[in-house]
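The values are calculated or read from the model by the stated rules, or taken from the named source; none is laboratory data. Only a predicted model underlies this, so the values are computations on that prediction, with no experimental measurement involved. Virtual Cβ from ideal backbone geometry, glycine too; neighbours counted across all protein chains shown. The protein model used for the area step is the full one, side chains on, heavy atoms only, and it has no ligands, DNA or RNA in it. Shrake-Rupley method; radii C 1.70, N 1.55, O 1.52, S 1.80 Å.
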Amino acid sequence: MSLTLAASLAASAADAQIGLRGKMRERMIQRLQEKKAEEERPIDLQAILPGARKLTAAYGADPAQAVDVYVPPGVLRDAPVIVMVHGGAWKIGDKANTGSVENKLRHWLPKGYVFVSVNYRMLPQTMAYAQAQDVAAAVRWTQAHAADWGASDRRIVLMGHSAGAHLVALLSSKPSMVGKPWAGTVVLDSAVMKVSTTMAGRHPKFYDEAFGSDPAGWTQASPMDQWTPSAVPMFLVCSTKRPDKPCEDARAFQALAKRANVPMPVLPQPLTHADVNRTLGLPGDYTEAVDRFIGERLAG
């Protein structure tokens, strides 16, 4: 084979490889755009429950410190409340994202629950601990205004997914960050229960942005390090499909609580990280298990 022909074949192969990578990148971008469009799709509240209302309010001075409050129709009295905290690597996401809200509204609004979805300041403006302080302020605001919607300031369940799951687990471990306690917390697939362990291993760069490099800051923002037996009861859901094995974190947290004779149920689910959030509220064993925990906590 001549040098000219060999060079031509090599160039053709390189061009083909570049073309393949370009197509793969185009497909990935298209999938991300489709996912973003789905998350941002407007939710038809009246199709979910005719007569339901959506209110938007501020709980702080920053535009990001806002909540959407979904109220079922009719006259309510001591209605239970779910406060939902979205995820997104502590840097993206929104209180109106369909994955965090839609199926949960379909399930809990007709049962007479008020549903509060929280926005909070994110990276790069605020790191994880300050984000938890924002969520704490949102919970206090919800407690203060629950009676306005016919809801109870005692019958509140906190819920969060991913980064939001870390934030609600931290507040539940150290409820003094809020002040007045609430009934219970549903933690949806957090892989950051002990921050120092996470930071000591291989981790995405955004963890460094969220938690910094100071071990004292890691301890402050770590649910397991802040936990005491006086913590708000938690129900931990974890994905068995995630490569970073969040169920190991959940089991370690459960073991910590067990040593203090405090129950902390763990529910592994054969779902992707996104589907742990998105499918909650759909009929099935998963939603029923979460419902049982919420019912037990509200009855306590």
> Does residue 134 satisfy the criteria of being among the charged types (D, E, K, R) and in contact with a Ser or Thr (Cβ under 8 Å, 6 or more places away or on another chain)?
Replying inline: yes
> Do we have residue 100 as crowded, with 24+ Cβ neighbours inside 10 Å and on the phi > 0 side of the Ramachandran plot here?
Replying inline: no
> Condition test on residue 131, is it touching a strand residue (DSSP E or B) at 6+ places or on another chain (Cβ under 7 Å) and not charged (D, E, K, R)?
Replying inline: no
> Is there any pair linking a residue in region 266-295 that is hydroxyl-bearing (Ser, Thr, Tyr) to one that is open to solvent by 50 Å² or more (accessible area, probe 1.4 Å) and not in a strand (DSSP E or B), with Cβ under 7 Å and at least six apart or on different chains, and which?
Replying inline: 272/241
>> What are the pairs with Cβ atoms under 8 angstrom where one residue, in region 152-175, is under 19 Å from residue 120 (Cα atoms) and open to solvent by less than 20 Å² (accessible area, probe 1.4 Å) and the other, located anywhere, is acidic (Asp, Glu) and modelled with pLDDT of 95 or more? Sequence gap at least six, or different chains.
In response: 161/189; 165/189
> Looking at region 243-290, which of its residues are of a type in the set (D, E, K, R), under 24 Å from residue 113 (Cα atoms) and surrounded by 15 or more Cβ atoms within 10 Å (Cβ to Cβ)?
Replying inline: 275, 278
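Rundown of residues vs (1) closer than 23 Å to residue 50 by Cβ; (2) hydrophobic (A, V, I, L, M, F, W, C), yes/no style:
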{"site": "75", "(1), (2)": "yes, yes"}
{"site": "92", "(1), (2)": "no, yes"}
{"site": "106", "(1), (2)": "yes, no"}
{"site": "114", "(1), (2)": "yes, yes"}
{"site": "117", "(1), (2)": "yes, no"}
{"site": "141", "(1), (2)": "no, yes"}
